[in-house]
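Below is one structure; the comments refer to it alone.
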Amino acid sequence: MGTNDSVNKYHLKTTKQLEAVYGDPLDVAVNKQTNHISEPGKAFINAAPFLILATASENGVDCSPKGDKPGFVKLKDDRTLLVPDRKGNNRVDGMKHIISNPKVGVIFLIPGVDLTYRVNGMATISIEPDLLSLFLVNDKPPCSVICIKVETAFHHCTKALVRANLWHDGAVGAPVNAPNMASFAKIRAGNDSIDLEKYEAEYQARVKETLY
């Protein structure tokens, strides 16, 4: 390892330095951005069962996964997304960020599709009864609805997912050594008293009973 000075000289600290490394973006990469959800974008969102919501505030940053059946996100119009938020662990880190900083970013994913669709915009959190009623599952509404006013939207190239071989490897099943909920519970408890197989089985059963 070099000294701090020798290492720091390799840190990119300006946009000019970034541009020297990466070069100019292709015209197609710049021009694909819109201020609304395009027709292919609508079809992508309607087919997506999963998204990651990015938020930030003076208290930090957060990336929150959200998922349900395809179409769980609704489009009020081509510039407004409605995202139901259901009970999880109740940390609501991202929701707290939205309260103080409404800027959000979303990436939508469809299993088996290497494209992703990205949306940036301004979010509010609503508990309006008419909105909640749009998202009933087993007659249960979400806790709230995140309403996102679209500022920019575009599809993202496939390279990251292709490099990861994400969908092919995912179809094989979880790797043998992949941590599960029991693994983290054991570390949290700080001892070996947890029966890992029993804990994981009970957790998976509990998840199915408390999805909505």
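Tell me the relative contact order for the chain as a rounded percent, counting alpha carbon contacts under 8 Å between residues six or more apart.
On the way: 309 pairs, mean separation 39.6, N = 212.
In percent, rounded to a whole number, it is 19.
Give me the Debye-computed log₁₀ of I(q)/I(0) at q = 0.22 Å⁻¹ for region 106-185, equal point scatterers on Cα only, no solvent, two decimals.
-0.96
Quantify, in whole percent, the carbon and sulfur part of the accessible surface of region 94-209 (1.4 Å probe; protein heavy atoms only). Please list the in-between numbers first.
Numbers: 4440 of 7550 Å².
C and S atoms contribute 59 percent here.
Which residue fluctuates most in the GNM of the chain (Cα springs below 10 Å): Leu109, Leu81, Leu134?
Leu134
Write out the chymotrypsin sites (Phe, Trp or Tyr not before Pro) in region 5-64 meeting two conditions: DSSP loop, and at most 15 other Cβ atoms within 10 Å of their Cβ.
On the way: sites: Tyr10, Tyr22, Phe44, Phe50; in loops: Tyr10.
When the chymotrypsin sites (Phe, Trp or Tyr not before Pro) of region 5-64 are filtered for loop state and at most 15 Cβ neighbours within 10 Å, Tyr10 remain.
Test of understanding: what is the full-extension gain from Glu209 to Lys32, defined as 0.36 nm times their sequence separation minus their Cα-Cα distance? Don't jump to the answer; show the numbers that get you there.
Details: separation 177, 0.36 × 177 = 63.72 nm, distance 4.23 nm.
Fully extending the segment from Glu209 to Lys32 adds 59.5 nm.
Of all the Cα-Cα pairs you can form in the chain, what percent are over 29 Å apart?
Roughly 42 percent, once rounded to a whole number.
Per residue, how much accessible area does region 106-212 have with a 1.4 Å probe, in Å²?
Working: 7170 Å² over 107 residues.
On a per-residue basis, 67 Å².
So if each residue of separation counts as 0.36 nm, and I subtract the Cα-Cα distance between Asn177 and His155, what length gain in nm does that give? Each step should come with its number before you reach the end.
On the way: separation 22, 0.36 × 22 = 7.92 nm, distance 3.34 nm.
Once the chain is fully extended between Asn177 and His155, it gains 4.6 nm.
Going down the table (Lys76/Lys208; Lys69/Lys140; Lys32/Lys76; Lys76/Lys159), which pairs top 25 Å between alpha carbons? Don't jump to the answer; show the numbers that get you there.
On the way: Lys76/Lys208 30 Å; Lys69/Lys140 15 Å; Lys32/Lys76 22 Å; Lys76/Lys159 31 Å.
Table pairs above 25 Å Cα-Cα are Lys76/Lys208; Lys76/Lys159.
If only Cα atoms are counted, what is the Rg of region 155-212, and what is its Dmax, in Å?
Rg then Dmax for region 155-212, in Å: 16.1, 48.
If each of Asn138 and Val162 carries a label point 7 Å out from its Cα toward its Cβ, how far apart are those two points in nm?
Output for this residue pair reads 4.1 nm.
Out of Thr152, Thr15, Thr116, any idea which swings most in a Gaussian network model of the chain, alpha carbons joined below 10 Å?
The residue that fluctuates most here is Thr15.
At 7 Å along Cα-to-Cβ for each site, give me the label-to-label distance between Ser193 and Tyr10 in nm.
Output for this residue pair reads 4.6 nm.
Shape call for region 18-110 from the C-alpha gyration tensor, a ≥ b ≥ c root eigenvalues: rounded (a/c under 1.5), prolate (a/b greater than b/c) or oblate? Don't skip to the answer; put the middle values down first.
On the way: a/c = 2.08, a/b = 1.21, b/c = 1.72.
Oblate is the answer for region 18-110, as a/c is 1.5 or above yet b/c matches or exceeds a/b.
Which aspartates and glutamates have a Cα lying under 19 Å from the Cα of Lys198, excluding residues fewer than 8 positions away in the same chain?
Glu209
Take the alpha-carbon positions of region 77-140, form their convex hull, and give its projected area averaged over all directions (one quarter of the hull surface) in nm². Walk me through the intermediate numbers first.
Values: hull surface 24.2 nm².
Average of the hull's projected areas for region 77-140 equals 6.1 nm².
The values are calculated or read from the model by the stated rules, or taken from the named source; none is laboratory data. Owing to the predicted nature of the structure, the values given are computational and were not obtained by experimental measurement. Cβ atoms come from the backbone with ideal geometry, glycine included; neighbour counts cover every protein chain shown. For accessibility, only protein heavy atoms count, side chains too; no ligands or nucleic acids. Shrake-Rupley method; radii C 1.70, N 1.55, O 1.52, S 1.80 Å.
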